[in-house]
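Just so it is clear, none of the values below were taken in a lab; they were calculated from the coordinates. From a predicted model like this one, the values you see are computed outputs, not experimental measurements. Neighbour counts are summed over all protein chains in view; Cβ atoms, including those assigned to glycine, are modelled from backbone coordinates with ideal geometry.
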Amino acid sequence: MSIKILTDSASDISREDAQKMGIEIAPLKISFGEEQYYDGVDLTPNEFYKKLVKSKSLPKTSQVTPYDFEQKFEQLTANGDEVIAIVLSSKLSGTCEAAKAAAERFAGKVHVFDSLNVAAGERIICNYALSLIEKGLSAKEVVAELEKIRDKVCITATLDTLEYLKKGGRISGASAIMGSILNIKPVAKLDDGVVKMMGKARGYKKAIALMNNAIKESGVDFDKPCGIIWTGLEPEIATAYLQNSKDLWGEHRVPTYIVGSTIGTHIGPGVVGVAYFKK
């Protein structure tokens, strides 16, 4: 008997990476009008951003259903294995509740963990869980350890535009226009499972400095997984960020991950951010 990790596509783990890591992905759905796709399955991040920049309105995302989770759990537990389902924040989606509802049928074989995170924040929790499994911890012990470190997982990002927050109804059109005129770049973070504005700055460099200062204050635990996130069609923004932030990252090899449609819908292209465990 072994322990399997399942996560949802909001973790932005590609199918190729999932196969290498030995984990299973439950995809959310995304709709552009009448066209519906499974996130990361029949709509890649690149294809998504090409559609997003052309779309006049925001696409709609749909949570993983209890039935979808049930099918995954059935498959993964068929030979007696246990499953740890690491899912996106319950404060942002009903996916966690769907997973819990599906897990009830599996009599302790499935353990659902609310990451209170998204994107690479969710991903690095999966990486950490895999390291605990490799050390020989039981499924219950792994979940207990994840609960201990959940509030140490940080994700923060600098947004390039306010346009997508406006489309999503999170700010007014007037605020978006004024922000564009003044070259305002918002810096956001995930705090206790919900997105909060950490600050705003005039210009990209000042916004990055604001974000990096916050990271320095909390400190990065380089003994645990971390990653740089980016959105859009230009991966160079992630490598440029690393090159320009050597005072923070030094010689550490930090992987970069593209943000998929589940979160990219709401923040748009041109975003760069960081997911890490604080000290």
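Observations, loosely collected:
- Based on alpha-carbon atoms, the Kirkwood radius and the radius of gyration of the range 62-101 give Rg/Rh equal to 1.00.
- Links that overshoot a 30 Å alpha carbon limit, given the list Lys50/Lys206; Lys72/Lys246; Lys60/Lys196: Lys72/Lys246
- Calculated FRET efficiency, Lys246 to Glu34, Cβ-Cβ distance, R0 = 35 Å: about 0.15 to the nearest 0.05.
- Those residues of the range 81-118 whose amide nitrogen sits under 13 Å from the label point placed on Tyr67, 7 Å along Cα→Cβ: none
- Listed by chain and number, the lysines whose alpha-carbon sits under 17 Å from that of Lys224, ignoring those within fewer than 8 places in the same chain, are Lys135, Lys148, Lys152, Lys216, Lys278, Lys279.
- Those GluC sites (Glu not before Pro) in the range 201-258 that DSSP places in a loop and that have at most 15 other beta carbons within 10 Å: Glu251
- Residue list for the range 67-82, given a label point 7 angstrom along the Cα-to-Cβ vector of Arg105 and an amide N cut-off under 13 Å: 67-78
- Net length available on complete extension from Leu58 to Glu16 is 12.4 nm, with 0.36 nm assigned per residue and the Cα-Cα distance removed.
- Across all C-alpha atoms in the range 20-105, the radius of gyration and Dmax reach 14.8, 48 Å.
- Of the DSSP H helices in the chain, those whose Cα atoms cover at least 15 Å axially and whose Kyte score averages 0.5 or more: 119-134
- Which of Lys91, Lys246 has the fewest Cβ neighbours within 10 Å, and the rest in rising order: Lys246, Lys91
- Here the Kirkwood formula, the inverse mean of 1/r across different C-alpha pairs, assigns the chain a hydrodynamic radius of 19.2 Å.
- Counting DSSP beta bridges with both ends in the chain, the antiparallel % (nearest 5): 65 percent
- Put simply, the amide H of Glu24, placed in the peptide plane, has neighbours under 5 Å in Ile5, Leu6, Thr7, leaving out anything fewer than 5 places away on its chain.
- Burial order of peptide ranges 15-22, 63-70 (average beta-carbon count within 10 Å, highest first): 63-70, 15-22
- Sparse-neighbourhood loop sites, chymotrypsin sites (Phe, Trp or Tyr not before Pro) in the range 175-267 - DSSP loop, at most 16 other Cβ within 10 angstrom: Phe222
- Around the Cα centre of the chain, unit charges on the Cβ atoms of Lys, Arg, Asp and Glu (plus for the first two, minus for the last two) sum to a dipole of about 1100 debye.
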